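Read through the structure below, which is laid out as structure tokens, and then see the notes.
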Amino acid sequence: MQAIGGVGLFVIFLAVGAIQIYGGFVGIEYHLGTGWAWGAIAVAFVLRLMLPLTIGTFFGALDVWGWPWYGALLIAAPGLLFVLPAMVTATFEGLRNR
């Protein structure tokens with residue numbers, strides 16, 4: 001039963017990732033053009049730099065799909081819920097070790 005739950009969560013994770021990639025492409029294409037959108041996809045997959053697609057996802061959800069800003073923020077950067085506490089902890093750990 002746990003394997004089914006794990007597979008289900010994996011499928012949901014992939015679906016959210018695909019929606020974020022598509023939303024980033026649409027947002028960048030809307031504001032900057034198709035070439036920049038494909039460039040952001042290439043940067044994401046080759047250099048593993050997701051910031052352009054994250055920003056594009058926010059603006060894609062906000063401007064293209066017509067979502068409110070807080071909904072666009074939730075779909076664009078759900079990882080911030082986990083990254084922000086880790087950054088704060090790392091900062092305090094670095095200060096404590098001095």
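Mind listing just one residue for me: the one in region 57-71 that is part of a helix (DSSP H, G or I) and farther than 20 Å from PHE13 by Cβ and, of those, most open to solvent (accessible area, probe 1.4 Å)?
Among those that are part of a helix (DSSP H, G or I) and farther than 20 Å from PHE13 by Cβ, it is TRP69.
What about PHE82, is it modelled with pLDDT of 90 or more and exposed (fewer than 15 other Cβ atoms within 10 Å of the Cβ)?
Answer is no for this residue.
Is region 34-54 home to any residue that is within 15 Å of ILE19 (Cβ to Cβ), open to solvent by less than 40 Å² (accessible area, probe 1.4 Å) and without any contact (Cβ under 8 Å) to a residue 12 or more places away in the chain?
No: zero hits.
Quick one: would you say ALA77 is under 9 Å from the mean Cα position of the chain (by Cα) and either open to solvent by 50 Å² or more (accessible area, probe 1.4 Å) or farther than 10 Å from GLY24 by Cβ (or both)?
yes
Collect the residues in region 47-98 that are hydroxyl-bearing (Ser, Thr, Tyr) and more than 28 Å from LEU32 (Cα to Cα), keeping them in residue-number order.
Listed by number, the residues that qualify are THR89, THR91.
Quick check: anything in region 24-46 assigned to a loop (DSSP other than H, G, I, E, B) and at pLDDT 95 or above?
Yes, the conditions are met somewhere in region 24-46.
The values are calculated or read from the model by the stated rules, or taken from the named source; none is laboratory data. Bear in mind the structure is a predicted one, so any value in this text is a computation, not a measurement. We place every Cβ from the backbone using ideal geometry, glycine too, and count neighbours over all the protein chains shown. Calculation scope for accessible area: heavy atoms of the full protein, side chains included, ligands and nucleic acids excluded. Shrake-Rupley method; radii C 1.70, N 1.55, O 1.52, S 1.80 Å.
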